[in-house]
Every structure is written in C-alpha cells, then in structure tokens.
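Single-structure report; data block below.
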Amino acid sequence: MKLLFKQRFFSWFDSYDIYDEEGNTMFTVQGQLSWGHCLHILNAVGEHIATVKERVLTFLPRFELFIGDQYAGCISKELSFFRPKYDIDCNGWHVEGSFLEWDYQILAEDGQCAAMISKELFNWTDTYVIEVGNPQDALLALMVVLAIDAEKCSRN
C-alpha cells in the first residue's frame, strides 16, 4: 500500500493531506497551537483517530503516539553526531535510513520492512511517499513519519 504525504502550502500550523495511490484522501493532519508539536490525525470523514504529541522539557526530542486516547508508543531522538538516530518504543520497530532523513525504512523486530519512506524532491512543500507492507500498519507508520518530520522541523 502506498500513501502520498503532502504538506499544505498555505498553513499557519503543521497541516498535511495523506492520499492513497488513486488520489483519495486517506487522512488529514492538523497541527495545534501548543508548546511543542501536537498533530491530530483525522480519517477520511473528518473523525479524530490519532495524535502525535511532542513532550517538552526533555533533553532530546521525544514524541508520544496515541491512537484515539490509547497510548501506542513513543519515538525519541538518540544522541548521535553524524546521522540522526531514533529509538522507537512502538510495535517493536526501529528506523534505518539516509544521512538527510529523506529516505529511510521502518523495520520490524524480525528485520522485515514495515514501511519505506522516500522524499520527492522538487515540490513546493514537503512530499513523502510511504510504502507500507501491511495496510493495518499504515496509521502507525504515518505517525512515525510525522514525528520524524516534526523533529527535523524543530531542529531547522
């Protein structure tokens, strides 16, 4: 399953639309004014289904993932000098990827690829392609990508 993750061009807060391969809106992401990033994920009919929330006052960036009101895990940036590294406490996943964080993979405990993320260059806004092996993992993979993108945004 492929998802196209596009940041909206005119938006005061983090705002994204996520489309399937046919161009249908699968999810909408709306940023909320808060201390730290707080991203609300809505399904295709506009119902709130998940939240990615940055924990503030931590040494390194940390994002908590919630599906509905249920805690699903967290993603934390690890201390590293040359390549950004992330610790994912969610679904037994970990991230491996490129120096610029434009192309990376989310791997399961058994080494299988849960999702591949690549950035499309030469677009007006951030645009990523998320290829998910199991469609049931699409929301969780999207949440991890949102957290990594928000951490990069904070760093820049």
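The values are calculated or read from the model by the stated rules, or taken from the named source; none is laboratory data. Since we're looking at a predicted model, the values are computed, not measured. Because the Cβ atoms are built from the backbone with ideal geometry, glycine has one as well, and the counts that use them run over all protein chains shown.
Restricting attention to the range 105-129 and to residues that are under 17 Å from ALA150 (Cβ atoms) and at pLDDT below 90, the residue that is surrounded by the most Cβ atoms within 10 Å (Cβ to Cβ) turns out to be TYR128. For VAL132, the criteria (1) within 19 Å of LEU3 (Cβ to Cβ); (2) buried (at least 18 other Cβ atoms within 10 Å of the Cβ); (3) at pLDDT below 90 hold in every case but one, which is (3).
Could you look through the range 15-71, keep only residues that are in a strand (DSSP E or B) and charged (D, E, K, R), and pick out the one that is modelled with the lowest pLDDT?
Within the range 15-71, the first condition is being in a strand (DSSP E or B), and the residues that meet it are 15-19, 25-31, 38-43, 48-55, 62-67, 70-71.
Among the residues that remain, those that are also charged (D, E, K, R) are: 17, 53-55, 62, 64.
Details: ASP17: 89, LYS53: 93, GLU54: 90, ARG55: 82, ARG62: 87, GLU64: 94.
This residue is ARG55.
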